[in-house]
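S.K.: Mind looking over this structure? Questions follow.
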Number of protein chains: 2
Amino acid sequence: MRYPGLLTRYKHYLPVTERTPMLTLQEGNTPLIRAENLSEELDLDLYFKYEGLNPTGSFKDRGMVMAVAKAMEEGSRTIMCASTGNTSAAAAAYAARGGLNCIVLIPNNNIALGKLAQAIIYGAKVIAIEGNFDRALEIVREITAKHPITLVNSVNPYRIEGQKTAAFEVCEQLGGAPDYLAIPVGNAGNISAYWKGFKEYREAGKSDSLPKMIGFEAEGAMAIVKGEPITNPETVATAIRIGNPASWKTAVAAAEESDGKIDFVTDEEILDTYKWMASREGIFAEPASAASLAGVRKRKREGGFQGGEKVVCVLTGHGLKDPNIAIKSVQAEPMVVPDTEAAVMAAIARLEEASR
Amino acid sequence: MRYPGLLTRYKHYLPVTERTPMLTLQEGNTPLIRAENLSEELDLDLYFKYEGLNPTGSFKDRGMVMAVAKAMEEGSRTIMCASTGNTSAAAAAYAARGGLNCIVLIPNNNIALGKLAQAIIYGAKVIAIEGNFDRALEIVREITAKHPITLVNSVNPYRIEGQKTAAFEVCEQLGGAPDYLAIPVGNAGNISAYWKGFKEYREAGKSDSLPKMIGFEAEGAMAIVKGEPITNPETVATAIRIGNPASWKTAVAAAEESDGKIDFVTDEEILDTYKWMASREGIFAEPASAASLAGVRKRKREGGFQGGEKVVCVLTGHGLKDPNIAIKSVQAEPMVVPDTEAAVMAAIARLEEASR
């Protein structure tokens with residue numbers, strides 16, 4: 001039997017009506033991978049919710065399938081967002097699948113075509129404005145308020161509805177909620193969505209408990225931790241480089257209600273964890289994703305765990321989303337040797353020596 | 001309940017013993033996505049087996065988990081391969097997961113660090129030799145024959161065993177075998193593995209029929225179609241740029257036994273299909289993957305289908321694997337306009353006009 005996609009699988013928990021098209025690219029149903037090696041090292045029962053295996057490579061597909069299906073239900077022919085990253089890719093893919101037009105608005109400064117290539121391949125029309133990201137989002141809001149064009153940025157309420165399904169899956173995969181849910185915090189919609197999902201599943205009798213929600217901002221973009229917006233957020237973890245999170249209040253509520261915490265990690269901790277996770281556990285996620293595990297390591301160092309707790313780290317996007325960071329992280333050129341067995345064996349010996 | 005991974009899921013069909021470690025990154029269990037838009041256009045019942053949603057982004061994970069688990073069972077501490085692409089990524093990831101060393105040998109010409117970054121992030125040691133790819137493979141074979149290092153290139157027989165599980169999944173997802181299985185052909189191991197899987201599942205009473213196997217080489221690397229090795233294979237579809245396929249005979253047998261065919265598609269057809277699939281169906285796969293759908297379109301043009309046949313196209317790797325091709329394919333810079341609602345609305349109108 002084929003997995004039917006999120007809207008069908010969770011229709012009783014979603015704003016799905018008889019008229020909602022059952023749009024799907026088979027998003028969701030992502031692996032929950034036990035960290036066999038790192039669990040031991042950290043004295044935890046550690047898991048990764050590997051959201052990079054959604055169709056466009058990030059968790060954004062969960063919310064976008066819901067938002068685009070509702071746009072179709074409402075008769076919209078065009079969706080629009082301001083985004084230079086994962087949101088635009090997801091919007092463009094579901095628009096293509098649903099036969100809608102997709103307009104992506106971006107700031108004209110620092111256009112990295114690589115980040116946008118995915119959206120363009122999916123057929124989105126990209127327009128750059130002479131202004132910054134906030135201005136792009138403002139214009140999207142103005143246009144979608146006046147014209148028959150649907151806004152699919154995170155202020156679209158259906159996005160959170162779709163995203164909460166990840167919490168349902170975690171409960172099913174573990175046979176209940178974990179003790180801790182560790183998650184990167186940028187725009188703060190995802191931590192809000194998970195918390196909503198965990199609460200709904202407990203209310204429905206599908207799980208007995210709730211996790212402590214521990215969210216981690218990047219140090220250079222830690223608006224919530226600081227308690228004030230950051231004007232020029234900076235971090236290597238571009239997917240959480242946000243200075244004024246849209247879901248600020250619900251994120252703080254999730255941390256407080258669950259007896260959790262919103263903390264921060266440094267870029268150095270993020271990049272170190274990014275490589276550690278790949279080389280010790282075989283899991284490659286984009287830098288922002290590594291903030292969840294980096295945060296768990298920080299909490300561990302600070303004595304925040306007793307030992308043996310069940311912890312799920314959300315990995316929001318695939319490592320292949322940001323190949324330039326991967327290349328920079330491994331800058332060293334390969335060793336070049338003559339094409340003989342002896343030369344290669346000697347090189348292997350040298351490499352083994354060097355890594356001791 | 002958590003999906004347990006391929007070795008557990010299909011242990012009765014695999015060379016799994018009591019001593020085989022149940023290694024997994026939750027490979028397999030990939031989506032079979034119905035092509036809702038393209039089915040209509042091609043008058044077929046068309047599906048994509050989206051292998052890009054394996055953990056390292058390609059189908060290679062299926063064979064590699066089996067090969068690395070057997071290496072561990074046999075007490076090996078190091079695996080080795082010659083590869084500049086998907087094989088090295090999969091080998092490095094499973095070596096990391098299993099706690100083994102991974103050595104990747106590459107030719108010194110045209111080292112594209114981007115293609116190797118994934119393997120290096122997973123912790124592989126990369127050595128370049130002053131020689132070509134064939135020489136690198138020769139040295140790997142020499143070394144692994146003499147030293148306690150396990151060869152994990154496609155000549156490792158466990159690779160095909162793991163890969164055949166994709167055919168099992170297709171049968172389960174469709175409730176039986178399709179009429180046609182369309183697949184890119186490079187080294188020809190994958191078409192051989194699918195055919196083995198379909199036959200084993202029919203023998204086990206899990207499906208009633210067998211598909212016709214239709215495989216597609218790239219024109220510049222069509223050794224099987226021509227009937228002779230290609231000395232300098234060239235194609236944009238790097239994952240199938242192979243001049244002397246290792247599984248040549250079994251691939252020809254699969255096509256003949258199934259009443260299928262090995263044919264070729266041009267680079268132009270591959271790139272056109274690559275964009276068509278993304279923009280019409282929301283599915284982004286690496287160029288080599290598009291060879292399967294490009295081949296189906298060719299067969300359709302040539303009158304090779306009656307109409308309504310159930311066809312599964314195998315998409316071997318995620319589009320994010322080859323971001324440079326995506327960027328080249330969408331080279332046009334975004335339109336830049338002033339930051340006003342009116343200017344953006346005018347730009348949208350111009351784009352819509354242009355795409356009519």
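S.K.: Over all directions, the average projected area of the alpha-carbon convex hull for the protein assembly as shown comes to how many nm²?
M.R.: Over all viewing directions, the protein assembly as shown projects a mean Cα-hull area of 29.4 nm².
S.K.: Here's something else I'd like to know. A:Glu217's amide H: which non-local residues (gap 5+, or another chain) put their own amide H closer than 5 Å, with H modeled 1.01 Å from N in plane and none for Pro or chain starts?
M.R.: The list, which skips near neighbours in sequence, is A:Val185, A:Asp263, A:Phe264, A:Val265.
S.K.: What's the center-to-center distance, using Cα atoms, between segment A:81-119 and segment B:262-295 in Å?
M.R.: So the two Cα centres are separated by 21 Å.
S.K.: Next question, about the same structure. Pop a pseudo-label 7 angstrom from the Cα along the beta-carbon direction at both A:Glu40 and B:Glu228 and give the gap in nm to one decimal.
M.R.: In this crude spin-label approximation the distance works out to 5.5 nm.
S.K.: Let me ask something else about it. If R₀ is 41 angstrom, what is the calculated FRET efficiency for the pair A:Ala332 and B:Leu351, using the beta carbon separation as r and rounding to 0.05?
M.R.: 0.40
S.K.: Could you work out the relative contact order of chain A, using alpha carbon pairs under 8 angstrom and six or more residues apart, expressed as a whole percent?
M.R.: Relative contact order, chain A: 17 percent.
S.K.: Next question. If I model a spin label at B:Asn324 and B:Arg2 as a point 7 Å from the Cα along the Cα→Cβ vector, what separation in nanometres do I get?
M.R.: 3.7 nm
S.K.: Applying 1/(1 + (r/R0)^6) with R0 = 25 Å to the Cβ-Cβ distance of B:Arg77 and B:Arg135, what FRET efficiency is obtained, to the nearest 0.05?
M.R.: Between B:Arg77 and B:Arg135 the formula returns 0.45.
S.K.: At most 16 other Cβ atoms within 10 Å and a DSSP loop assignment: could you name the trypsin sites (Lys or Arg not before Pro) in segment A:26-84 that fit?
M.R.: A:Arg77
S.K.: Which value, in debye to the nearest 20, gives the size of the charge dipole of segment A:60-151 about its Cα centre, when Lys and Arg are +1 and Asp and Glu are -1 at the Cβ?
M.R.: It works out to roughly 180 debye.
S.K.: Taking every residue in A:318-330, how many Cβ atoms of other protein chains lie within 10 Å of its Cβ, on average?
M.R.: 6
S.K.: For segment B:36-195, what does the convex hull of the Cα positions come to per residue, in cubic angstrom?
M.R.: Spelled out: Cα convex hull of segment B:36-195, divided by residues, is 129 Å³.
S.K.: At R0 = 41 Å, how high is the FRET efficiency between A:Val155 and A:Gln306 if r is their beta carbon distance? Nearest 0.05 is fine.
M.R.: 0.55
S.K.: Take the cross-link list A:Lys49/A:Lys300; B:Lys206/B:Lys261; A:Lys125/A:Lys199; A:Lys125/B:Lys115; A:Lys115/B:Lys199; A:Lys49/B:Lys70 and give me the ones stretching past 31 Å between alpha-carbons.
M.R.: From the list (A:Lys49/A:Lys300; B:Lys206/B:Lys261; A:Lys125/A:Lys199; A:Lys125/B:Lys115; A:Lys115/B:Lys199; A:Lys49/B:Lys70), the Cα-Cα distance tops 31 Å for A:Lys125/A:Lys199; A:Lys115/B:Lys199.
S.K.: Continuing with the same structure: Taking the Cα centroid of segment B:323-351 and of segment B:177-205, what is the distance between the two, rounded to the nearest whole Å?
M.R.: Centre-to-centre (Cα) distance: 43 Å.
S.K.: Does anyone have the angle between helix A:133-146 and the longest principal axis of chain A? Alpha-carbon axes, 0 to 90°, nearest 10?
M.R.: So the inclination is approximately 30 degrees.
S.K.: If you don't mind, there's one more thing I want to ask. So which GluC sites (Glu not before Pro) in segment B:1-83 are both in a DSSP loop and have at most 13 other Cβ atoms within 10 Å of their Cβ?
M.R.: The qualifying sites are B:Glu18, B:Glu74.
S.K.: Put a dot 7 Å past each Cα toward the Cβ at B:Asn108 and B:Lys11; how far apart are the dots in nm?
M.R.: 4.8 nm
S.K.: Over the Cα atoms of segment A:233-356, each weighted equally, I'd like the Debye log10 I(q)/I(0) at q = 0.18 Å⁻¹, rounded to two decimals.
M.R.: Here the Debye-derived log intensity ratios amount to -1.08.
S.K.: Viscosity 0.692 mPa s, temperature 37 °C: Stokes-Einstein D of chain B from its Kirkwood Cα radius, in µm² per second?
M.R.: 156 µm²/s
S.K.: List, shortest first and in nm to one decimal, how far the label point of B:Asp43 (7 Å from Cα along Cα→Cβ) is from its counterparts in the other copies.
M.R.: Its label point is 7.0 nm from the equivalent points in the other copies.
S.K.: Based on Cα positions only, what radius of gyration and what Dmax would you give for segment A:201-269, in angstroms?
M.R.: Over segment A:201-269's Cα set, Rg and Dmax evaluate to 14.0, 44 Å.
S.K.: While we're on this one: So how strong a dipole does the protein assembly as shown carry about its Cα centre when Lys and Arg Cβ are +1 and Asp and Glu Cβ are -1, to the nearest 20 debye?
M.R.: 660 debye
S.K.: Using only atoms on other chains, find how many Cβ atoms lie within 10 Å of each Cβ of peptide B:83-96 and report the average.
M.R.: 2
S.K.: Quick one, what does Rg over Rh come out to for segment B:151-291 if you take C-alpha atoms and the Kirkwood Rh?
M.R.: Value, to two decimals: 0.97.
S.K.: Quick one: B:Thr238, A:Thr30, B:Thr340, fewest Cβ neighbours within 10 Å first, how do they rank?
M.R.: The most exposed by this proxy come first: B:Thr340, B:Thr238, A:Thr30.
S.K.: Beyond 19 Å, what share of the Cα-Cα pairs of segment A:60-151 remains, rounded to the nearest whole percent?
M.R.: 33 percent
No value in this document is a laboratory result; all are computed from the given coordinates. Only a predicted model underlies this, so the values are computations on that prediction, with no experimental measurement involved. Using ideal geometry, Cβ is built from the backbone for each residue, glycine included, and neighbour counts are taken over all protein chains shown.
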